[in-house]
Amino acid sequence: MPGARDLYPRRSHERVVAALGDTRVVVLNGARQTGKSTLARLVADSRPGTEIRYLDDAAVRASAAADPAAFVRHDGLQVIDEVQRVPDLVLAIKHTVDLDPRPGQFLLTGSARLFAMQQIPDLLPGRSETIELWPFSQGEIDRTADGFVDAIFEFGQDLVPKPSTLHRSDYVQRALVGGYPEAVRRVDPGRRARFFESTASDLISRDVRQLSDIERPADMRRLLGAVAAQMATLVVPGTLAGRLQIPVNTLKRYLDLLELLYIVDRIPAWSTNLTTRAIATPKLIVNDSGLAGHLAGITMRRAAHQTAPIGPLLENFVLGELSRQLSWTAESVRLYHYRDRDGYEVDAVLEHASGDVVAIEVKAAETVRADDFRGIQRLARRLGDQLIAGIVLYAGTQPLPFGDRLRAFPISTLWTS
């Protein structure tokens, strides 16, 4: 990995610059501690005369709340960091860009899905572009290709990935580090654990309470731990609420808040009229596998035990990497999971806008068996030529063929293709 204090290149950088070239307002959304402020500052440094306002500063925030119209008056580009702290600014920004349609006037950052918030209705249709910034991908950390999604839809079963030098323990290590910039830079596992603990505490004491009053913060923390313990699985709110002894409506609201803050994500169930026995329950992942592992109490030492939940950890890790890539793919691709009432399941289903489908199964083992393709083959029988590739991503080193359109690839193919 690069040196501890290096700046890692972000794939969203070019997207932000391009959007400012033809769009009045660019919104950079993502979880706290993912590098939004750093990226915004890098963009600002390349544009002389840019004005940067940080709403985490109490005086700046008070000024914005007192006179939003005057606050957003500027020449050139204005960067407003953590704009969700003063929701009234959005209306003032709308008024400004309605009077002056020049592109590149505002770059807004937010630690929440801004236009899903009740306090900030979407007042900027046709005037704004939203770019999501995730924790680092493995390709950003390693400075490698990170192009698996585009490559698999271009080449299908003919994709020839590189052999890997990584083994199961290496993938577990990467998953437990995760992608938060500060966690990646902390070499000592104990110091990294302190970062994750601080992040979880700040999330509840600060970020969640900025968005909504929560009656019992301790319940939110227990929910975070429970979600991490069930990462990459189907979560039924009623069942989880009963186990945690939290009213189901409260639990649903808390899950909505965690999704709004980019801490968790729901992977929707995939089905077509060809797969009518599909189950519609979404799968829940924690967007950073390092945070998930910490909340679930997984360490490298504990991961060596045969009962450790390494399978769910690596599935969560892979789903997170796929989600990151979907934020910069050249083509329109969506991520789903599949499970039917007969017990067949596929961890990830990538569907192209054309209707082409790639099915992906994740295995924590260093070997692959034909039976590992069971769920993918079920889907292939139902979809026919619509399924262009069925991939088992595993912790071994060699890409291997397993029949028509069926391939086993090392997990590292995600960021080396």
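The values are calculated or read from the model by the stated rules, or taken from the named source; none is laboratory data. Only a predicted model underlies this, so the values are computations on that prediction, with no experimental measurement involved. Here Cβ is always computed from backbone atoms with ideal geometry, including for glycine, and neighbour counts include all displayed protein chains.
Against the list (1) within 22 Å of the chain's Cα centre (by Cα); (2) crowded, with 18+ Cβ neighbours inside 10 Å; (3) among the polar types (S, T, N, Q), the condition THR23 fails is (1). Of the residues LEU176, LEU203, which single one is among the hydrophobic types (A, V, I, L, M, F, W, C) and modelled with pLDDT under 95? None of the other options fit; the residue is LEU203.
The set of residues in region 167-185 being assigned to a loop (DSSP other than H, G, I, E, B) and either surrounded by fewer than 18 Cβ atoms within 10 Å (Cβ to Cβ) or hydroxyl-bearing (Ser, Thr, Tyr) (or both) consists of HIS167, TYR180.
Is there a residue being at pLDDT 95 or above, over 21 Å from ALA296 (Cα atoms) and of a type in the set (Val, Ile, Thr) anywhere in region 161-170? Even if it seems obvious, please write down each step before you answer.
Within region 161-170, the subset at pLDDT 95 or above is 161, 163-170.
Pick out the ones that are also over 21 Å from ALA296 (Cα atoms) and you get 161, 163-167.
Checking which are of a type in the set (Val, Ile, Thr) leaves us with 165.
Yes, the conditions are met somewhere in region 161-170.
When the residues of region 214-272 are filtered to those that are charged (D, E, K, R) and touching a Pro at 6+ places or on another chain (Cβ under 6 Å), which remaining residue is farthest from LEU335 (Cα to Cα)?
Of the residues in region 214-272, the ones charged (D, E, K, R) are 215-216, 219, 221-222, 243, 252-253, 256, 259, 265-266.
Remaining after also requiring touching a Pro at 6+ places or on another chain (Cβ under 6 Å): 252, 266.
Details: LYS252: 22, ARG266: 10 Å.
Restricting to residues being charged (D, E, K, R) and touching a Pro at 6+ places or on another chain (Cβ under 6 Å), the top hit is LYS252.
Checked against (1) buried (at least 16 other Cβ atoms within 10 Å of the Cβ); (2) at pLDDT below 95, GLY343 meets all criteria but (1). All of (1) closer than 20 Å to ALA112 by Cβ; (2) loosely packed, with under 13 Cβ neighbours inside 10 Å; (3) touching a residue at least 12 places away in the same chain (Cβ under 8 Å) hold for ARG206 with one exception: (3). Does LEU383 count as under 18 Å from ARG407 (Cβ atoms) and not in a loop (DSSP other than H, G, I, E, B)? Yes, satisfied. Scanning region 26-45 for residues that are crowded, with 21+ Cβ neighbours inside 10 Å, of a type outside the set (Val, Ile, Thr) and over 15 Å from PHE136 (Cβ atoms) gives LEU28, ASN29, ALA40.
Residues are listed down the side, and each one gets a yes or a no for (1) under 17 Å from TYR171 (Cβ atoms); (2) aliphatic (A, V, I, L, M); (3) touching a residue at least 24 places away in the same chain (Cβ under 8 Å):
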{"residue": "LEU240", "(1), (2), (3)": "no, yes, no"}
{"residue": "ILE263", "(1), (2), (3)": "no, yes, yes"}
{"residue": "ALA269", "(1), (2), (3)": "no, yes, yes"}
{"residue": "VAL286", "(1), (2), (3)": "yes, yes, yes"}
{"residue": "SER289", "(1), (2), (3)": "yes, no, yes"}
{"residue": "GLY293", "(1), (2), (3)": "yes, no, yes"}
{"residue": "ARG301", "(1), (2), (3)": "yes, no, no"}
{"residue": "THR307", "(1), (2), (3)": "no, no, no"}
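LEU255 fails exactly one of the following numbered conditions: (1) surrounded by 18 or more Cβ atoms within 10 Å (Cβ to Cβ); (2) aliphatic (A, V, I, L, M); (3) outside any helix (DSSP H, G or I). What is the number of that condition? Only one criterion in (1) surrounded by 18 or more Cβ atoms within 10 Å (Cβ to Cβ); (2) aliphatic (A, V, I, L, M); (3) outside any helix (DSSP H, G or I) is unmet by LEU255, namely (3).
The set of residues in region 258-293 being at pLDDT below 90 and more than 14 Å from the chain's Cα centre (by Cα) consists of TRP270, SER271, THR272, ASN273, LEU274, THR275, THR276, ARG277, ALA278, ILE279, ALA280, THR281. Going through (1) surrounded by fewer than 22 Cβ atoms within 10 Å (Cβ to Cβ); (2) modelled with pLDDT under 90; (3) part of a helix (DSSP H, G or I) one by one, PRO125 falls short only on (3). Among the residues of region 359-395, those identified as modelled with pLDDT of 95 or more, more than 16 Å from VAL346 (Cα to Cα) and surrounded by fewer than 21 Cβ atoms within 10 Å (Cβ to Cβ) are ALA365, GLU366, THR367. The requirement of being under 22 Å from ARG113 (Cβ atoms) and surrounded by 14 or more Cβ atoms within 10 Å (Cβ to Cβ) is satisfied by LEU223. What about SER201, is it more than 15 Å from TYR394 (Cα to Cα), out of contact with any Cys (no Cβ under 8 Å at 6 or more places or on another chain) and polar (S, T, N, Q)? Against the criterion (more than 15 Å from TYR394 (Cα to Cα), out of contact with any Cys (no Cβ under 8 Å at 6 or more places or on another chain) and polar (S, T, N, Q)), SER201 qualifies. Taking the criterion of being surrounded by 15 or more Cβ atoms within 10 Å (Cβ to Cβ) and within 14 Å of THR233 (Cα to Cα), would at least one residue in region 322-333 satisfy it? The answer is no, given that none of the residues of region 322-333 is surrounded by 15 or more Cβ atoms within 10 Å (Cβ to Cβ) and within 14 Å of THR233 (Cα to Cα). The set of residues from region 186-208 being closer than 16 Å to THR34 by Cβ and not in a helix (DSSP H, G or I) comprises just one member, ARG186. The test for being more than 30 Å from ASP288 (Cα to Cα) and either assigned to a helix (DSSP H, G or I) or touching a residue at least 12 places away in the same chain (Cβ under 8 Å) (or both) does not hold for ALA145.
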